[in-house]
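Visitor: Take this structure, written in structure tokens, and hold onto it; I'll ask about it next.
Read the figures in this text as sums done on the coordinates, not as results from a lab. What you are looking at is a predicted structure, and each value in this text was computed from that prediction instead of being measured. Backbone-built Cβ (ideal geometry, glycine too); neighbour counts: all protein chains shown.
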């Protein structure tokens, strides 16, 4: 059992980091193992990249710190070598960092070159998307990564209970859609044709960092967007193509979309106000944001909804 949440402000920014934290913390009972955020800040001409340099449990403390220092040096050298001008590079935690770059090349060779560093994984890349995820509840991850001051327009989040894999950052959601920037997905459910779609997408040149079906959904949608398919159409096609029981939420640079499978077995509650849309696995997450009386509803079987900024 996991919990998903999403929010979009149709006009203007808000303290999106705090808002999503409140939503996810209220669903801590659905997933105490890890928490993840996909946050959209103010769009920039520069590229923002979140990178996990290694699993913090991989090696002993002393050896681990030495390894991280070497990894950071190697990261900086590789970014310079591919022509990415580093405007800002900071270590966010002992095992992750955030880079702001001037780079106008293709994302795939850039990301592949970075991920050739042993243990390195690019968590997100884009002109406004930043993915943060780690072990622990929402408030712990928020404080660890300094998200209290994160202002933005829309976001999704996920709380995870590990049932079929280890409790680690690699299994935490959300997932970005390699190698397409500014697209991410959170998902509650299971795809029964996961391997069919993974093989098909791998034949198109895509790689996957996990065995999580949320990553399949993200790449499926991003590939269609790249080919010029509108987001709502791409989501509707996914409901036809992806088998299983699922509810997922996708975010792009200027939109938030949601889909339920034809059986609608996985819960989702939705609130739409004049300037804000909020949705989550449980109504308690929406009421964590809104202190007055509201009306919510559950999307029906096979329903697809999209909101644009």
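Visitor: Calculate, in nm to one decimal, what residue 88 and residue 202 gain on full extension: separation in residues at 0.36 nm each, minus their alpha carbon distance.
Guide: Extending this stretch completely gives an extra 37.8 nm.
Visitor: Over all directions, how big on average is the projection of the convex hull of the alpha-carbon atoms in the range 44-127, in square nanometres?
Guide: Averaged projected area of the range 44-127's Cα convex hull equals 4.9 nm².
Visitor: Expressed as a rounded percentage, what relative contact order does the range 44-127 have, with Cα pairs under 8 Å and six or more residues apart?
Guide: After rounding, I find 49 percent.
Visitor: Next question, about the same structure. Go ahead and run the numbers for FRET between residue 28 and residue 237, Cβ-Cβ distance against an R0 of 45 Å, rounding to 0.05.
Guide: After rounding, the FRET efficiency stands at 0.85.
Visitor: Can you give the FRET efficiency for residue 211 and residue 254, using 1/(1 + (r/R0)^6), R0 = 22 Å, r = Cβ-Cβ distance, to the nearest 0.05?
Guide: Computed FRET efficiency for residue 211 and residue 254: 0.15.
Visitor: If you stretched the chain out fully between residue 73 and residue 190, how much longer would it get, using 0.36 nm times the residue separation minus the C-alpha to C-alpha distance?
Guide: Computed gain between residue 73 and residue 190 is 38.2 nm.
Visitor: Hey, another quick one. For the pair residue 112 and residue 296, how long in nm is the line joining their label points, each one 7 Å along Cα→Cβ?
Guide: 4.4
Visitor: Here's something else I'd like to know. Please identify, among 189, 171, 146, the residue showing maximal mean-square fluctuation in a Gaussian network model of the chain using a 10 angstrom Cα cutoff.
Guide: Fluctuation is largest for 146.
Visitor: Could you tell me which label, among [x] 183; [y] 158; [z] 122, carries the value of volume of the Cα convex hull per residue in Å³ calculated for this structure?
Guide: [z]
Visitor: Taking neighbour Cβ counts within 10 Å as the exposure measure, how do 122, 239, 219 sort from fewest upward?
Guide: Ordered by Cβ neighbours within 10 Å, fewest first: 239, 122, 219.
Visitor: For the residue pair residue 139 and residue 245, what label-to-label distance in nm results when each label sits 7 Å from Cα along the Cα-to-beta-carbon direction?
Guide: Distance between the two pseudo-spin positions: 3.2 nm.
Visitor: Given a Förster distance of 51 Å, report the FRET efficiency between residue 80 and residue 10 from their Cβ-Cβ distance, rounded to the nearest 0.05.
Guide: About 0.80, to the nearest 0.05.
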